[in-house]
1. Among residues belonging to segment 166-186 that are modelled with pLDDT of 80 or more and over 36 Å from the mean Cα position of the chain (by Cα), point out the one that is farthest from Arg145 (Cα to Cα).
2. Which one is nearest to Gly124 (Cα to Cα), of the residues in segment 78-101 that are surrounded by 12 or more Cβ atoms within 10 Å (Cβ to Cβ) and small (Gly, Ala, Ser)?
3. Within the group Val74, Val104, which residue is modelled with pLDDT under 95 and either in contact with a helix residue (DSSP H, G or I) (Cβ under 9 Å, 6 or more places away or on another chain) or surrounded by 13 or more Cβ atoms within 10 Å (Cβ to Cβ) (or both)?
4. Consider only pairs whose beta carbons are under 6 Å apart and that are at least six residues apart or on different chains; among these, list those whose first residue lies in segment 67-96 and is part of a loop (DSSP other than H, G, I, E, B) and whose second residue is of a type in the set (D, E, K, R) and open to solvent by 60 Å² or more (accessible area, probe 1.4 Å).
5. Determine, yes or no, whether Thr117 is in a strand (DSSP E or B) and loosely packed, with under 11 Cβ neighbours inside 10 Å.
6. Can you list residue pairs whose Cβ atoms sit under 9 Å apart, with the first residue in segment 127-149 being free of Cβ contacts under 8 Å to residues at least 24 places away in the same chain and the second being loosely packed, with under 14 Cβ neighbours inside 10 Å and assigned to a strand (DSSP E or B)? Count only pairs 6 or more apart in sequence or on different chains.
7. Could you tell me which of the residues Val206, Val154, Val138 is at pLDDT below 90 and in a strand (DSSP E or B)?
Amino acid sequence: MKRNKQVSFWNRPLVLRIISLGLALFLFAYVNSGSDGMLHQTTRNNDSNKILNATKITTIKMPLVMNANTDRFVVTGYPATVEVKLNGPAALVTSAKNTKNFRVYADVSTLGVGEHTVKLRTTGLNDEVDAVVVPRKVTVKIQPRRTVVAPVKVKLNRTNLAQGYKLGSAQPSLNTVQVTGARNEVVQVDRVVAYVKIAKKTTSEVKEQVTLQAVDKHGKNLNVVVSQVRFQ
């Protein structure tokens, strides 16, 4: 019996080479595809971490608050606003800048009369945000609070009356008002002046609400608090 010398189709060298090449290409594409996917995912994760961990530095102006016993004392000499340098996570710093939901203050509630240098502090900020106040300290004067009663005088601008008219007498709704402030300022109060500006070519009765200003005997304005009254 003769041996069958016919070679099977799948056993031919050329077919085997083609199949091997195809499998190699498939494996190469699969491996590279998986690597790219992992690389893209890793890149996205890194970008997210960078955003979350990004820091920001910014400087804003904030009002300065004095914690003081205002029933007994008056505190003067400090600036109305200070600068605050914020440093921390970008989202938290941006929120603090936009909302300003924190305070800058100095606590002088335990200090007595005199001149004191006090440290400025912040409260209400997230623990992850660092704050540096400029200036770090301020010098303030603490003085006894005092209230007195002073007479009200009206000072009119006479230059704007219509021709042929004269000013009558101006009467305040209150003849006296209370003046409150630091003792060394209050003791200098001579009178409280209401400056009333008459409109041009005025020909009728004038009713005006004005701000009162306490002055000393030389007419110098004093740093005290007075009330407002209506004149007619």
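The values are calculated or read from the model by the stated rules, or taken from the named source; none is laboratory data. Nothing here was measured: the structure is a model prediction, and the numbers come from that model. Here the Cβ positions follow ideal geometry from the backbone for every residue, glycine too, while neighbour counts run over all protein chains shown. Calculation scope for accessible area: heavy atoms of the full protein, side chains included, ligands and nucleic acids excluded. Shrake-Rupley method; radii C 1.70, N 1.55, O 1.52, S 1.80 Å.
1. Quick first cut of segment 166-186, residues modelled with pLDDT of 80 or more only: 175-186.
Restricting the remaining residues to those that are over 36 Å from the mean Cα position of the chain (by Cα) gives 175-176.
On the way: Asn175: 23, Thr176: 20 Å.
Step by step, filter segment 166-186, then rank; the result is Asn175.
2. Within segment 78-101, the first condition is being surrounded by 12 or more Cβ atoms within 10 Å (Cβ to Cβ), and the residues that meet it are 78, 82-97, 100.
From the residues that got through so far, the ones that are small (Gly, Ala, Ser) too are 88, 90-91, 95-96.
On the way: Gly88: 15, Ala90: 17, Ala91: 16, Ser95: 12, Ala96: 9 Å.
Here the answer is Ala96.
3. Details: Val104 fails: modelled with pLDDT under 95.
Every option except Val74 fails the conditions.
4. Close Cβ pairs (under 6 Å, with a partner that is of a type in the set (D, E, K, R) and open to solvent by 60 Å² or more (accessible area, probe 1.4 Å)) amount to Arg72/Arg145; Gly77/Lys141.
5. Working: in a strand (DSSP E or B): yes; loosely packed, with under 11 Cβ neighbours inside 10 Å: yes.
Judged against the criteria, Thr117 is a match.
6. The qualifying pairs are Arg136/Lys119; Lys137/Thr117; Lys137/Lys119.
7. On the way: Val206 fails: in a strand (DSSP E or B); Val138 fails: at pLDDT below 90.
On inspection, the qualifying residue turns out to be Val154.
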